[in-house]
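Worksheet: one structure, shown below.
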Amino acid sequence: QVQLVESGGGLVQPGGSLNVSCTTVGDYVTSYTMAWFRQAPGKEREFVAVSTWPGGSTGYADSMKGRFTISRDNAKNTLSLQMNSLKPEDTAVYYCAADTGGIGSVRRNPDYWGQGTQVTVSS
């Protein structure tokens, strides 16, 4: 089975930065398409960013472009999301996801989810 464990969440002031990570465990995880989603209480789950493989395709939601960077480190078995210029509206639980398909598949219905890590942007 595939297991995803997020870490690195916390409290950060508006305009600040935070890096959240997802440790991956399982066979063939390096070949999976990986993505970050987020969800605030009472709101729909929102796509954040996606990465197909190291050196492959990446994509971001419009509100994250230029602020967030998704990256993968296969040697450390981690997926990371570097978040800069954070805004209060970025407050949410951030989830790591993995899928055997491509970008479209992981955005529609990922095969695997992590437990999430809370990110709170507030003064």
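The values are calculated or read from the model by the stated rules, or taken from the named source; none is laboratory data. Quick caveat: nothing in here was measured; it's all calculated off a predicted structure. Cβ atoms come from the backbone with ideal geometry, glycine included; neighbour counts cover every protein chain shown. Keep in mind that these areas ignore ligands, DNA and RNA; they rest on the heavy atoms of the full protein, side chains included. Shrake-Rupley method; radii C 1.70, N 1.55, O 1.52, S 1.80 Å.
For the chain, modelled as a GNM whose springs connect Cα atoms under 10 angstrom apart, the maximal fluctuation among Ala61, Ala98, Ala35 occurs at Ala61. Using only Cα atoms, locate the centre of the stretch 47-123 and the centre of the stretch 1-16, then give the distance between them in Å, rounded to an integer. The two parts, judged by their Cα centres, are 10 Å apart. For the stretch 39-123, the relative contact order comes to 24 percent (Cα pairs under 8 Å, sequence separation of at least 6). A straight chain from Gln118 to Thr23 at 0.36 nm per residue would run longer than the Cα-Cα distance by 32.6 nm.
Please report the carbon-and-sulfur percent of the accessible area for the stretch 54-123; probe 1.4 Å, protein heavy atoms only, DNA, RNA and ligands left out. Mind showing how you got there, number by number?
Numbers: 1500 of 3560 Å².
Solvent-exposed carbon and sulfur of the stretch 54-123 make up 42 percent of the total.
Counting other Cβ atoms within 10 Å of each Cβ, which GluC sites (Glu not before Pro) in the stretch 1-103 have at most 12 and sit in a DSSP loop?
Glu44
Here the label points at Ala61 and Glu46, each 7 Å from Cα along the C-beta direction, are separated by 0.4 nm in the simple model. Take the Cα coordinates of the stretch 28-123, assign each an equal point scatterer, and use the Debye formula without solvent to give log10 I(q)/I(0) at q = 0.16, 0.21, 0.22, 0.26 Å⁻¹. Log10 I(q)/I(0), no solvent term: -0.62, -1.07, -1.17, -1.54.
If you place +1 on the Cβ of every Lys and Arg and -1 on the Cβ of every Asp and Glu, how big does the dipole about the Cα centre of the chain come out, in debye to the nearest 20?
180
Take the chain and mark each of the trypsin sites (Lys or Arg not before Pro) that is in a DSSP loop with at most 14 other Cβ atoms within 10 Å; the longest unmarked stretch, sites excluded, is 77-123.
Given contacts defined as C-alpha pairs under 8 Å and at least six residues apart, what's the relative contact order of the stretch 1-90, whole-number percent? Each step should come with its number before you reach the end.
Numbers: 160 pairs, mean separation 27.8, N = 90.
Normalised by residue count, the contact order of the stretch 1-90 is 31 percent.
Have a look at Ala40, Val12, Gly55 and report the one farthest towards the positive end of the charge dipole of the chain, computed about the Cα centre with Cβ charges (Lys/Arg +1, Asp/Glu -1). About the Cα centre, the residue reaching furthest to the positive side is Val12. Of the chymotrypsin sites (Phe, Trp or Tyr not before Pro) in the stretch 1-47, the ones in a loop by DSSP (not H, G, I, E or B) with at most 15 other beta carbons within 10 Å are Tyr28. Considering only protein heavy atoms, what per residue accessible area in square angstrom results for the chain with a 1.4 angstrom probe? For the chain, the solvent-accessible area averages 52 Å² per residue.
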